[in-house]
1. Consider residue 107 against the criteria (1) within 17 Å of residue 77 (Cβ to Cβ); (2) under 17 Å from the mean Cα position of the chain (by Cα); (3) basic (Lys, Arg): it satisfies all of them except one. Which criterion is unmet?
2. Considering only the stretch 101-117, state which residues are in contact (Cβ under 8 Å) with a residue 24 or more places away in the chain and of a type in the set (A, V, I, L, M).
3. Considering only residues that are assigned to a strand (DSSP E or B) and farther than 10 Å from residue 146 by Cα, which ones fall in the stretch 94-114?
4. Filter the stretch 137-155 down to the residues that are under 18 Å from the mean Cα position of the chain (by Cα) and either under 16 Å from residue 90 (Cβ atoms) or surrounded by 18 or more Cβ atoms within 10 Å (Cβ to Cβ) (or both) and list them by number.
5. Might you check whether a residue that is free of Cβ contacts under 8 Å to residues at least 60 places away in the same chain, within 20 Å of residue 75 (Cβ to Cβ) and not aromatic (Phe, Trp, Tyr) occurs anywhere in the stretch 147-156?
6. Can you give me the number of residues within the stretch 101-125 that are exposed (fewer than 12 other Cβ atoms within 10 Å of the Cβ), touching a strand residue (DSSP E or B) at 6+ places or on another chain (Cβ under 6 Å) and not aliphatic (A, V, I, L, M)?
7. Given the criteria exposed (fewer than 15 other Cβ atoms within 10 Å of the Cβ), in a strand (DSSP E or B) and not basic (Lys, Arg), does residue 67 qualify?
Amino acid sequence: MSDSRSLPSNVWAALALPYPPIGSIPFVDSDGQSIRTDVQHFLYTYLGSENATDGTKPYQLTAFGGLRIGYTDAFAIVGTPTINKPSGRVKIPTGFSTVQVICSYSRADSVILVFAEFPDTLNRLTVVASLGSFIINGNVAASTDLPIKFIIFNTMLTGP
């Protein structure tokens, strides 16, 4: 029995010309432009059979040249910033060791990576994620307004 996910459809074949349609992802550079594909640099791949131990499916998105995701710089906001994007920049104010971020992308099971932009006495960060917000905690109070960048990854427990 063949896996239909590896067979191109007529729609994909038309969108992918002049490249082979398997793995192509249609995209537009800006509003009002024609649909394009680039299967050499932006592709979706089914890597093989399902993993027998946990049922996951080995899919991979490849984007040469990097991925761009929504980002908001809320460093200037005093208090609790709201950033409804999967990445952003906030601050832990001088004398404080924590900041809460309201964010619609945050879930209790989110993986949230945080990075301080420069060295400070506050040098260890942890994150507590919950539905609709997360809290970034430092080990001590910041000696200056400390910019923190974050990116949120939400995972799926099962494949498509």
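1. (1)
2. Selection gives 101, 102, 111, 112, 113, 114, 116.
3. Within the stretch 94-114, 98, 99, 100, 101, 102, 111, 112, 113, 114 meet the criteria.
4. Across the stretch 137-155, the qualifying residues are 148, 149, 150, 151, 152.
5. Scanning the stretch 147-156 turns up at least one residue that is free of Cβ contacts under 8 Å to residues at least 60 places away in the same chain, within 20 Å of residue 75 (Cβ to Cβ) and not aromatic (Phe, Trp, Tyr).
6. Total satisfying the criteria: 1.
7. The answer is no for residue 67.
Every residue, every condition in (1) at pLDDT 95 or above; (2) closer than 30 Å to residue 60 by Cα, yes or no:
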site: 89; (1), (2): yes, yes
site: 97; (1), (2): yes, no
site: 121; (1), (2): no, no
site: 132; (1), (2): yes, yes
site: 137; (1), (2): yes, no
site: 147; (1), (2): yes, no
site: 150; (1), (2): yes, yes
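The values are calculated or read from the model by the stated rules, or taken from the named source; none is laboratory data. Predicted model, so just to flag it, every value in this text is computed and none were measured. Note: ideal-geometry Cβ built from the backbone for every residue, glycine included; neighbour counts use all protein chains shown.
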